[in-house]
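The values are calculated or read from the model by the stated rules, or taken from the named source; none is laboratory data. Note that the coordinates shown come from a computational prediction; the quantities given were computed from them, not determined experimentally. We place every Cβ from the backbone using ideal geometry, glycine too, and count neighbours over all the protein chains shown. When the accessible area is computed, the model is the full protein with side chains, heavy atoms only, and any ligands, DNA or RNA have been set aside. Shrake-Rupley method; radii C 1.70, N 1.55, O 1.52, S 1.80 Å.
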Amino acid sequence: MGIFSEGVEVECAPGGQPLNLLWAGRRYTVCAEPVRWFERRQWWAEEKRAPLGAGKGLVDHEIWRVQVKAEDERVPGASQEPLTLDLSRDIGSGRWRLLRIHDALQPKTAPKTA
């Protein structure tokens, strides 16, 4: 599992759930029902002070776990294995970040011959 934080562009349904995303120059389509939850963040470690009246988005991060597929550029119409990603949306700015890649495929190694 890879853990990091990288900006991504996300296209959402009217209800706010992710439909497609653009990451590292590739377009991915959500291929399973996404799951949403909220996580507490250590805002005091990230902010010098809390602005007066700020509350929404200060304490919690909105997290979406999505399963996505990318089109295989080498074979039109073919798609790659799905990836499970955790995305975070900043409630104040609406910006999206890729936080985790759960099942990135490991490169296969050729079996050793005697």
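Subtracting the Cα-Cα distance of Cys31 and Glu9 from 0.36 nm times their residue separation leaves 6.2 nm of extension gain.
Annotation: amide H-H contacts under 5 Å for Arg95 (H modelled 1.01 Å from N, sequence separation of 5 or more, or interchain): Asp90. Note on His102 and Ala24: with the Förster distance fixed at 22 Å, the Cβ-Cβ geometry gives a FRET efficiency of about 0.85. Solvent-accessible surface (1.4 Å probe) assigned to Ser88 amounts to roughly 10 Å².
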